[in-house]
Amino acid sequence: MANLFRLGLIVNPLAGLGGSVGLKGSDGQAEQALALGATPQAMNRAATALTELLPLRDKFTVLTVAGDMGQSVCDALGLNYQLVYQPQTLPSTAADTETAARLLAGNGVDILLFAGGDGTARNICTAVGEQTTVLGIPAGVKIHSGVYAISPQAAGKLVAKLIAGELVSLNEAPVMDIDEQAFRSGVVKARRFGEMRIPAQLRYVQSVKMGGRESEELVLADLAAYVATQMEDNVRYVMGSGSTVAAVMAELGLDNTLLGVDVVENGALIAKDVTATQLFELVQGYPSKLVITLIGGQGHVFGRGNQQLSPEVIRAIGRDNIVLIAGKTKLQQLEGRPLLADTGDARLDQQLTGLINILTGYNDYVMYRLGYEDEL
């Protein structure tokens, strides 16, 4: 047992609850999110990551937290584990996360794997700083920090490399967090909270979101004007979040939810700041298109701050009806890395993979790869 790889595991079971119901976060919103019909996803995403380790189950043991903070996932997958902490309250709190992280670090884990969002990363950073190697499984609404893998599968594959003894470099990555109250009002106030040590494999770990405007005002005006001219009658247009899509809404003269999802039909706003459930009801069986942009620096199209675009919604709309818009500056920031989809449905992510047209100006398109050509 002493020679086994020691994998620390913490799951924030409330992470991401607010995303699908349009709350723009989960901090202090769990009760409201559940009342609105949100389904916890953090444990499922942790299980997706850990499934990648099952062929190596005899080479590692998991040190984790009782209940839904880790034990439940280990039981479901049949992993060997030992408990180091029992949450003091149900549901668990940030204090539980910090205490658990300190105990896991004190038990000498080789890497601390955690599922959550930027708030969880901040809790982990408060507890262990740069003294322990960590890696995040993306499960939250807000994921601006550079300590997260690009997807749950990528997190598992990277940890598998460590368990198998492959040489993996280590780097310091920033922990970012934003003011959720301001975020719900459409204002992004992100700040660098600290740094943590992560495995440095760019193929698996996301970049930090770039700040500021990603394209010039004239480029946004051209994009917006062209999208507006191409809108068809009797088609429902799902308008994603972000300033690029907001420019289209301004061109249409419609009120916009900067950090939410709206629906437009025949030049009118028919639904504002919708949840995943509401959105599915609006697009199922109805001609629909999705107008969306990507996150500068990261390249994520799905799975970062737009969980209202659930796998069911994306399938109902269809890949061919995705209108992806972005200034060329955003694409240049990727330095050749592909766009990314982390929808929470691995099969859908694979189905979305391939070259996709991106509108970069007035009737100006480029082709760019969405997803990796091969499996991660």
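The values are calculated or read from the model by the stated rules, or taken from the named source; none is laboratory data. Predicted, not measured: the structure shown is a model, and the values here were computed from it. With ideal geometry, Cβ positions are generated from the backbone for all residues, glycine too; neighbour counts draw on all protein chains shown. Surface areas here come from the heavy atoms of the whole protein model, side chains and all, with no ligands, DNA or RNA. Shrake-Rupley method; radii C 1.70, N 1.55, O 1.52, S 1.80 Å.
Where in the range 111-223 are there helices (runs of 4 or more DSSP H), lying fully within it, with 1 or more residues that are touching a Ser or Thr at 6+ places or on another chain (Cβ under 7 Å) and at pLDDT below 90?
118-128
Of the residues I317, I356, which single one is at pLDDT below 95, more than 20 Å from the chain's Cα centre (by Cα) and open to solvent by less than 20 Å² (accessible area, probe 1.4 Å)?
I356
Check G344, G285 and return the single one that is closer than 17 Å to I150 by Cα and either part of a strand (DSSP E or B) or not polar (S, T, N, Q) (or both).
None of the others qualify; the one that does is G344.
Can you confirm whether A247 is surrounded by 19 or more Cβ atoms within 10 Å (Cβ to Cβ) and assigned to a helix (DSSP H, G or I)?
yes
Checking the conditions here, which among T132, T126, T93, T89 is of a type in the set (S, T, Y) and touching a Lys or Arg at 6+ places or on another chain (Cβ under 9 Å)? Reasoning before the result, please.
On the way: T126 fails: touching a Lys or Arg at 6+ places or on another chain (Cβ under 9 Å); T93 fails: touching a Lys or Arg at 6+ places or on another chain (Cβ under 9 Å); T89 fails: touching a Lys or Arg at 6+ places or on another chain (Cβ under 9 Å).
So the residue among T132, T126, T93, T89 that is of a type in the set (S, T, Y) and touching a Lys or Arg at 6+ places or on another chain (Cβ under 9 Å) is T132.
Hey, among the residues in the range 152-172 that are touching a strand residue (DSSP E or B) at 6+ places or on another chain (Cβ under 7 Å) and open to solvent by less than 10 Å² (accessible area, probe 1.4 Å), which one's nearest to G344 (Cα to Cα)?
Among those that are touching a strand residue (DSSP E or B) at 6+ places or on another chain (Cβ under 7 Å) and open to solvent by less than 10 Å² (accessible area, probe 1.4 Å), it is P152.
Write out, first by first residue and then by second, each pair whose Cβ atoms fall under 6 Å of each other, whose residues are 6+ apart or on separate chains, and whose first residue, in the range 321-347, is within 19 Å of V205 (Cα to Cα) while the second is surrounded by fewer than 20 Cβ atoms within 10 Å (Cβ to Cβ) and among the hydroxyl-bearing types (S, T, Y).
Listed pairs, sorted by first residue: P338/Y372.
Got at least one residue in the range 262-272 being at pLDDT below 95 and open to solvent by less than 40 Å² (accessible area, probe 1.4 Å)?
For the range 262-272, residues at pLDDT below 95 and open to solvent by less than 40 Å² (accessible area, probe 1.4 Å): absent.
For (1) closer than 25 Å to A164 by Cβ; (2) not in a helix (DSSP H, G or I), each residue gets a yes or a no:
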residue: T48; (1), (2): yes, no
residue: D68; (1), (2): no, no
residue: S72; (1), (2): no, no
residue: A76; (1), (2): yes, no
residue: L79; (1), (2): yes, yes
residue: T89; (1), (2): no, yes
residue: S92; (1), (2): no, yes
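Specify the residue that is nearest to A15 (Cα to Cα); the eligible residues are those in the range 97-136 that are open to solvent by 10 Å² or more (accessible area, probe 1.4 Å) and among the aliphatic types (A, V, I, L, M).
Looking at residues that are open to solvent by 10 Å² or more (accessible area, probe 1.4 Å) and among the aliphatic types (A, V, I, L, M), I get A127.
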